[in-house]
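These notes are about the structure you will find just below.
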Amino acid sequence: MEQKERYSRWKDLTEQYLTGMLPQVDERSRRLYESMTYSLEAGGKRLRPILLLETCSLCGGSAERALPYACAVEFIHTYSLIHDDHPSMDNDDFRRGKPTNHRVFGDGMAILAGDGLLNSAFDIMLPEVRDAAGRGEDVLNLIQAVSEISGAAGVGGMIAGQAADLVHTGEAGDGSLHTPAAPETSGEDREDILLYIHRNKTGALIRGAVRAGAFVAGASREQVRLLTEYAENLGLAFQISDDILDVTGNAEILGKSTGMDEKLGKLTYPSVYGMELSHRKLQEATQRAVKAISLFGEQSAFLGELAIDLQNRVS
């Protein structure tokens, strides 16, 4: 199957089930459901569920069985975008070419929609574990998959990265984020903090998705090790690319505002290393990702080409 066809297959499979996996919401809370589905149906690459499904398939597992975990990861990713766009954080007006959630539903409802999507991720994963246990199956790998996703989303992963990003963006006394990065954050400290932010805010959920897919499939320890190395480098490359596109990208193609990192005084690869070195670091991270999965042979071609495509993306 060609690269684009395989990508479309996983993306279509995810989107076929995505909103249908949302738990039922009481009619009296209908506005909450509308807010959740608004962002969930706004489109996007669906990168994280695609990585989970492909990794599961690569390790000999069933993509259909991995679907609840793939949709759960997308729920969590979407919740993080709603909160990231919120006025208390990056205060963005557009996401995926549409007005951001808080612009449509209000600040409070946007926060609750994000909370709802995060909770709902576990509402669809844990019954799968329960049902498998009821069939007498060994569910240790499924529990590990849930644990990977939970840890990636939590205070040791994505939330930790978001918190560090918030702190080092600079926060005025009134809670505004429109001040430059803290002046004491310089030299090696800036590089260390930048890497910490990127590995956690963006990289952790990519790593969690890949590892979860491997665990659902019952992958070997060596397979998990290689895929983890791939995911960590892919996540870093993806965020470096994001940093570069915020400077050089086209807002209409990206579907979101550009120049926001500089406006908010964020620590980014271009602000710390300059554009030329940022491009070099992007290429190096991509090369490390591709090399990590080379031992899988031809079966890993999709993941390798995906890494290269993401390096060269314009949106």
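General observations
- Per-region count, segment 20-40, residues outside any helix (DSSP H, G or I) and exposed (fewer than 14 other Cβ atoms within 10 Å of the Cβ): 3
- Evaluation of Leu306 against the conditions (1) free of Cβ contacts under 8 Å to residues at least 40 places away in the same chain; (2) in a helix (DSSP H, G or I) shows that the sole unmet condition is (1).
- For segment 54-83, a residue qualifies if it is modelled with pLDDT under 95 and surrounded by 17 or more Cβ atoms within 10 Å (Cβ to Cβ), and exactly one does: Ala63.
- Taking segment 1-44 as the range and being without any contact (Cβ under 8 Å) to a residue 12 or more places away in the chain and either under 26 Å from Ala63 (Cβ atoms) or among the polar types (S, T, N, Q) (or both) as the test, the residues that pass are Met1, Glu2, Lys4, Glu5, Ser8, Arg9, Asp12, Gln16, Gly20, Gln24, Ser29.
- Residues of segment 91-110 satisfying the condition of being β-branched (Val, Ile, Thr) and surrounded by 19 or more Cβ atoms within 10 Å (Cβ to Cβ): Thr100
Here's the yes/no breakdown for (1) assigned to a loop (DSSP other than H, G, I, E, B); (2) surrounded by 24 or more Cβ atoms within 10 Å (Cβ to Cβ); (3) modelled with pLDDT under 95:
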{"position": "Asn141", "(1), (2), (3)": "no, no, no"}
{"position": "Glu148", "(1), (2), (3)": "no, yes, no"}
{"position": "Leu166", "(1), (2), (3)": "no, no, yes"}
{"position": "Gly175", "(1), (2), (3)": "yes, no, yes"}
{"position": "Pro180", "(1), (2), (3)": "yes, no, yes"}
{"position": "Glu184", "(1), (2), (3)": "yes, no, yes"}
{"position": "Glu188", "(1), (2), (3)": "no, no, yes"}
{"position": "Ala212", "(1), (2), (3)": "no, yes, no"}
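- Meets criteria (part of a helix (DSSP H, G or I) and at pLDDT 95 or above) for Ala219: no
- Residue in segment 79-92 that is assigned to a helix (DSSP H, G or I), of a type outside the set (Ser, Thr, Tyr) and closer than 15 Å to Ile124 by Cβ present: no
The values are calculated or read from the model by the stated rules, or taken from the named source; none is laboratory data. Treat the numbers as computed from the prediction; the structure is a model and nothing was measured. For neighbour counting, all protein chains shown are included, and Cβ atoms are generated from backbone atoms with ideal geometry for every residue, glycine included.
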